[in-house]
Amino acid sequence: MDLYEYQGKELFRRFGIPVSDGRLALSPEDARQAAQELGGAVVVKAQVHAGGRGKAGGIKLAASPSEAEARAADILGMDIRGHVVHRLWVEKASEIEREYYLSVTFDRGEKKPLFMLTTEGGVDIEELAATSPEKLARLHVDPLVGFHPFQARWLCFAAGIREPAEQKQVIAIVGKLYETFVSCEAMLCEINPLIVTPAGEVRALDAKVTIDDNALYRHPDLAELRDLAAADVQEQRAREKGLAYVKLDGDIGILGNGAGLVMSTLDVVAQAGGRPANFCDIGGGAQADVVVGALEVITADPVKAILFNIFGGITRGGEVARGLLEALERIGIDVPVVVRLDGTEAEEGRRLLAESSPANVHVESTMLSAAERVVELAR
Ligand code: GDP
Ligand code: MN
């Protein structure tokens, strides 16, 4: 779950990472009020789950409360790469001497948290990593040993931060960022830019925090930060139904039971020359209504054909077939559906499908033949 900048900054503040004073504003009047309370120049910042807000015109400086109100009116309702702005963060404007980049994320290859620090902040970090990797200081933390302050000193040194007073602040921030990362069970804590002011103060000017969805039940205070209105409608619908759904960019809908089977189905479809539009994992032991729900989610994307790949363990073929037949009736699926049923009660499922034999349902006996068939039908 991605947090908005203002929510991330609230977390940072809680963990002792310096951030600017600010207020949440939902209207131009709120923004004026906020600017008045903060005093002096402010920055009006669009709160959306997307980066590059500055370049998109979603971040504006304002010298006075009335200017803040005007900028807020400009930014509210703006569309930043598909995200409509409904919330603003108005904070005290900072003077910037230098912009750095600091983050901690998971390196799945190393199975360890990875810190990255560079003095070339404000830039696109992926680009920097590709073009000038030597400018990006990287450091893994062994999760069993934990984080040690010498690692922050090493990181600072490797990034070329030499000024002692500045080093001291960056080292403290690195430690606190790790604390935030671990305590909140985050997948990413990113500060871009981490600024140095002309007075030599180091502060987080932006905050990007992603919390591990699977850990949210342990953090009810973080879970309630989710902005239901901003979530992708389909992902939201799938989540409510307890389904794992992922949108892709091809034209074949994939439905399977269990993450492993779904992943291999994607591979086999790709091998057969097809491109999945999405996939939905109905998990184990799904009843007919779960299958109907999954088909609703899958067909909300523009799919040309659907591949239904079920290997029954605790999921029973009969239930799955009943769900498919019910969905065909209830939501009127008119694209071809290729079905491969195997395992528990597969015969029962195939028998049910053969009995009512809907014109657009094609039963295949193996995963590969099913994939080839669906690719052919999607053409
Ligand atoms: P992003 O574009 O979505 O990453 O949003 P950021 O919060 O990182 O802001 C983008 C850029 O706006 C920063 O890199 C800064 O250069 C600039 N900016 C943001 N806040 C301030 C501020 O308080 N003062 C000044 N001078 N510039 C700011
Ligand atoms: Mn940023």
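The values are calculated or read from the model by the stated rules, or taken from the named source; none is laboratory data. Quick caveat: nothing in here was measured; it's all calculated off a predicted structure. Using ideal geometry, Cβ is built from the backbone for each residue, glycine included, and neighbour counts are taken over all protein chains shown.
Every residue in region 86-112 that is acidic (Asp, Glu) and either more than 27 Å from ALA72 (Cα to Cα) or more than 12 Å from ligand 1 (Cβ to nearest atom) (or both), please.
Within region 86-112, ASP107, GLU110 qualify.
Out of the helices (runs of 4 or more DSSP H) lying entirely within region 157-245, which hold 3 or more residues that are within 22 Å of VAL104 (Cβ to Cβ), more than 15 Å from the chain's Cα centre (by Cα) and in contact (Cβ under 8 Å) with a residue 12 or more places away in the chain?
Counting at least 3 such residues, we get 164-183.
Mind checking which residues of region 343-367 are part of a helix (DSSP H, G or I) and surrounded by 14 or more Cβ atoms within 10 Å (Cβ to Cβ)?
Within region 343-367, ALA346, GLU348, GLY349, ARG350, LEU352, LEU353, MET367 qualify.
Is it the case that some residue within region 65-81 is within 16 Å of ligand 2 (Cβ to nearest atom) and at pLDDT below 95?
Yes: region 65-81 contains one or more residues that are within 16 Å of ligand 2 (Cβ to nearest atom) and at pLDDT below 95.
Filtering region 176-227 down to residues that are within 14 Å of ligand 1 (Cβ to nearest atom) and among the basic types (Lys, Arg), which residue is surrounded by the fewest Cβ atoms within 10 Å (Cβ to Cβ)?
LYS208
Which of (1) crowded, with 19+ Cβ neighbours inside 10 Å; (2) within 12 Å of ligand 1 (Cβ to nearest atom); (3) under 23 Å from the mean Cα position of the chain (by Cα) is the odd one out, the single condition ALA62 does not satisfy?
(3)
How many residues does region 20-53 hold that are within 20 Å of the chain's Cα centre (by Cα) and surrounded by fewer than 18 Cβ atoms within 10 Å (Cβ to Cβ)?
3
Could you check region 368-379 and list, in sequence order, the residues that are surrounded by fewer than 20 Cβ atoms within 10 Å (Cβ to Cβ) and either closer than 10 Å to VAL268 by Cα or basic (Lys, Arg) (or both)?
LEU368, SER369, GLU372, ARG379
Considering each residue of region 294-333, count those that are more than 18 Å from ALA346 (Cβ to Cβ) and either of a type in the set (D, E, K, R) or in a helix (DSSP H, G or I) (or both), and give that number.
13
Does region 266-281 include one or more residues that are in a strand (DSSP E or B) and acidic (Asp, Glu)?
Yes; the residues of region 266-281 include at least one that is in a strand (DSSP E or B) and acidic (Asp, Glu).
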